[in-house]
Each structure stands twice: as C-alpha cells, then as structure tokens.
Number of protein chains: 2
Amino acid sequence: MAKKILPIAAMEKLLKKAGAARISLSAKEAMREILEDIGEEIGEKAIRLAKHSKRKTIKKEDIKEAAR
Amino acid sequence: MAKKILPIAAMEKLLKKAGAARISLSAKEAMREILEDIGEEIGEKAIRLAKHSKRKTIKKEDIKEAAR
C-alpha cells in the first residue's frame, strides 16, 4: 500500500550505497513501497510482542524479534 | 551496518501507522537499521539483475524481482 512516508532521496542514497549508478524514478518509488510495507509488517508484529509483554511502549527488542 | 540514511521521524510515522502508541528511540533506531539493511540487500540484488539484462539503469522490475 502506498504510504509515501520514506523520502525518495533516501531510496536513491541506499541504492547508490549498494553500488547503483543510475536509478529510474519508478525504481526508487518501488523501493519505497517495499520498505514501507516491510516496515509496517515489522511494526504490527512488534506491537503484538509489546502487548504480549504487557508493555505499551515498543522497545528495541520488540522490533528485533519482529524482524526475525 | 549503521548507515543512518532513513530519517528517524519516518520510522516513527511507520510505527504509528502500524498502530503503535509509544515507541522508544532505540526501537526507531533498530527499525531504521533493519530497513536500511534490507534496502541495501534489495539494491545489490537489483544491480545484479540490471547487469544481467545488460542495463546500467536500475528499473522498477529489478527492484520488484530483487524483493521477491
């Protein structure tokens, strides 16, 4: 789902860091959408894990466990 | 690896979108690191796919295939 939260410029930086020379705009947009979807999934799982531990605050360990 | 390319505020937005009420700073930092690592991995694979297709420009289809 399109959330458009991550900046397109950051997608370009990540792809250049990976070694890309030229990147189309739609490739950056696809990257943003994929990372946002993954991020939302991790977030939802992390929230369940925090609730499971009777906490209201999402902590680092929730994120790390959710991403496993 | 710490790249610090994605904004922390965007991590907060993604986590709130997922339904989080309170999020520790280190949770946002962990989220950033995980998404950056995934992004770099997708980027590296996308670059190989573009080269495989004898292209220098990373296109949307490279990103999508790399993320499968």
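The values are calculated or read from the model by the stated rules, or taken from the named source; none is laboratory data. Given the structure is predicted, the values throughout are model-derived calculations rather than measurements. Counting neighbours? That spans all protein chains shown, and the Cβs are built from the backbone with ideal geometry, glycine included. Ligands, DNA and RNA are excluded from the accessible area calculation, which covers all protein heavy atoms including side chains. Shrake-Rupley method; radii C 1.70, N 1.55, O 1.52, S 1.80 Å.
Which of the numbered conditions does B:ALA66 fail, given that it passes all the others? Conditions: (1) buried (at least 17 other Cβ atoms within 10 Å of the Cβ); (2) without any contact (Cβ under 8 Å) to a residue 12 or more places away in the chain; (3) among the small types (Gly, Ala, Ser).
Every listed condition holds for B:ALA66 apart from (2).
If A:LYS16 satisfies every condition in (1) open to solvent by 80 Å² or more (accessible area, probe 1.4 Å); (2) over 30 Å from B:LYS59 (Cβ atoms); (3) of a type outside the set (Phe, Trp, Tyr) but one, which is the exception?
Result: A:LYS16 fails condition (2) only.
So, B:GLY39, is that one facing chain A (nearest Cβ under 7 Å), at negative phi and touching a strand residue (DSSP E or B) at 6+ places or on another chain (Cβ under 9 Å) or not?
Details: facing chain A (nearest Cβ under 7 Å): yes; at negative phi: yes; touching a strand residue (DSSP E or B) at 6+ places or on another chain (Cβ under 9 Å): no.
In short, no.
Do the conditions hold for A:LYS28, that is, is it under 18 Å from B:GLU36 (Cβ atoms), at the interface with chain B (Cβ under 7 Å from one of its Cβ atoms) and either out of contact with any strand residue (DSSP E or B) (no Cβ under 8 Å at 6 or more places or on another chain) or aliphatic (A, V, I, L, M) (or both)?
no
I want to confirm something. Restricting to the stretch A:42-58 and keeping residues that are farther than 17 Å from B:LEU35 by Cβ and at the interface with chain B (Cβ under 7 Å from one of its Cβ atoms), which single residue is surrounded by the fewest Cβ atoms within 10 Å (Cβ to Cβ)? I'd like the intermediate steps shown before the answer.
Our first condition is that a residue be farther than 17 Å from B:LEU35 by Cβ; within the stretch A:42-58, this holds for A:48-57.
The next check asks that each one be at the interface with chain B (Cβ under 7 Å from one of its Cβ atoms); those that pass are A:56-57.
Values: A:LYS56: 10, A:THR57: 12.
My answer is A:LYS56.
Regarding A:GLU33, is this residue surrounded by 14 or more Cβ atoms within 10 Å (Cβ to Cβ), more than 7 Å from chain B (Cβ to nearest Cβ), on the phi < 0 side of the Ramachandran plot and more than 13 Å from the chain's Cα centre (by Cα)? Before you say what the answer is, go through the steps one by one.
Details: surrounded by 14 or more Cβ atoms within 10 Å (Cβ to Cβ): yes; more than 7 Å from chain B (Cβ to nearest Cβ): yes; on the phi < 0 side of the Ramachandran plot: yes; more than 13 Å from the chain's Cα centre (by Cα): no.
Considered against the rule, which asks whether it is surrounded by 14 or more Cβ atoms within 10 Å (Cβ to Cβ), more than 7 Å from chain B (Cβ to nearest Cβ), on the phi < 0 side of the Ramachandran plot and more than 13 Å from the chain's Cα centre (by Cα), A:GLU33 comes out as no.
Cβ contacts < 7 Å: first residue modelled with pLDDT of 95 or more, restricted to the stretch B:28-39; second residue outside any helix (DSSP H, G or I) and surrounded by 23 or more Cβ atoms within 10 Å (Cβ to Cβ), any location; separation 6+ or different chain. Result?
Partner pairs satisfying both residue conditions: B:ARG32/B:LEU6; B:LEU35/B:LEU6; B:GLU36/B:LEU6.
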